[in-house]
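The values are calculated or read from the model by the stated rules, or taken from the named source; none is laboratory data. Because the structure is predicted, anything quoted here is derived from the model rather than measured. Note: ideal-geometry Cβ built from the backbone for every residue, glycine included; neighbour counts use all protein chains shown. Side chains are part of the model used for accessible areas, which takes the heavy atoms of the whole protein and leaves out ligands, DNA and RNA. Shrake-Rupley method; radii C 1.70, N 1.55, O 1.52, S 1.80 Å.
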Amino acid sequence: MDFLQRDTTTIAKDLLGVKVIYHDEQQTFTGYIVETEAYLGFDDRAAHGFNGKRTPKVASLYKNGGTIYAHVMHTHLLINFVTQQANIPEGVLIRAVEPEEGIETMAYRRGKTGYEMTNGPGKWTKAFNIPRHIDGSKLNEGKLMIDTKNRKYPRAIEESGRIGIPNKGEWTHKPLRYTVKGNPYVSQLKKSAMCPPDETWKS
């Protein structure tokens, strides 16, 4: 996947349906990305790179596209993929995943079964057992990988405001959150809007 030549919102939409893979010491975990959020760097008041903010914690966000930017929020590990050339702090937050391989272990780790296992940005990283020190590494060069060939394609993509972004002016409401329409693993999805997972992908 090209993380250098396209705008961040295009990448955020294209990541929907991509298979994410993590190999820990014991086994492999896989799933399909169903929810992303784009963060647009210097001008985006909700972004960690807003106004060129640069601290050791956000250093990975300033690396080349394809770098993993991992940060902790409310004790949860969140995973972002950096999307531009070095020194342009833009990225895509991976918010939710439809699990495929390793589900039994995921359920054990999360103490949850079904959609609650991976329907949030801190939930899927815990289910997959992703560690904080993955921050700054490159996708597909270590234990965290994406597969853009054996992927799925959404029947429809919904755009909406990002979640948990209060008091950021127009950036609170900008439609920079992208979801696979109706997929029950999307975070905070109402039951009335859910479809069986298979029906949310193109056949």
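Express in nm, to one decimal, how much length is gained between Arg54 and Lys202 on full extension, taking 0.36 nm for each residue of separation and deducting their alpha carbon distance.
Result: 49.2 nm gained on full extension.
Once label points are set 7 Å from the Cα along Cα→Cβ at both His76 and Gln27, what is their separation, rounded to one decimal in nm?
Here the answer is 2.4 nm between the modelled labels.
In debye to the nearest 20, how big a dipole does the range 80-154 give about its Cα centre with +1 on each Lys and Arg Cβ and -1 on each Asp and Glu Cβ?
That gives a dipole near 140 debye.
When mean projected area of the Cα convex hull in nm² is calculated directly from the model, which label among (i) 10.9; (ii) 19.2; (iii) 11.6 fits?
After the calculation, the listed value that fits is (i).
Compute, for the chain, the length of the dipole vector about the Cα centre, with Cβ point charges of +1 (Lys, Arg) and -1 (Asp, Glu) only. Units Debye, rounded to 20.
Roughly 380 debye, rounded to the nearest 20.
Name the longest site-free stretch of the chain, where the excluded sites are GluC sites (Glu not before Pro) in a DSSP loop with no more than 12 other beta-carbon atoms within 10 Å.
26-140
Between Gln5 and Ala156, 0.36 nm times their residue separation minus their Cα-Cα distance comes to what?
Gain in length upon complete extension: 51.9 nm.
What part of the accessible area of the chain, given as a whole %, is carbon or sulfur when the probe is 1.4 angstrom?
Ligands and nucleic acids excluded, carbon and sulfur reach 49 percent.
Taking springs between alpha-carbon atoms closer than 10 angstrom, which of Ser187, Ser60, Ser160 fluctuates most in the Gaussian network model of the chain?
Ser160
So with the 1.4 Å probe, I'd like the accessible area per residue for the chain, rounded to whole Å².
For the chain, the solvent-accessible area averages 49 Å² per residue.
Using a 7 Å offset from the Cα along the Cα-to-Cβ direction at both Arg45 and Lys168, what is the distance between the two label points in nm, to one decimal?
Rounded to a tenth, the inter-label distance reads 1.0 nm.
What range in the chain is the longest one free of trypsin sites (Lys or Arg not before Pro) that are in a loop by DSSP and have at most 10 other Cβ atoms within 10 angstrom?
Value returned for the longest uninterrupted segment is 1-148.
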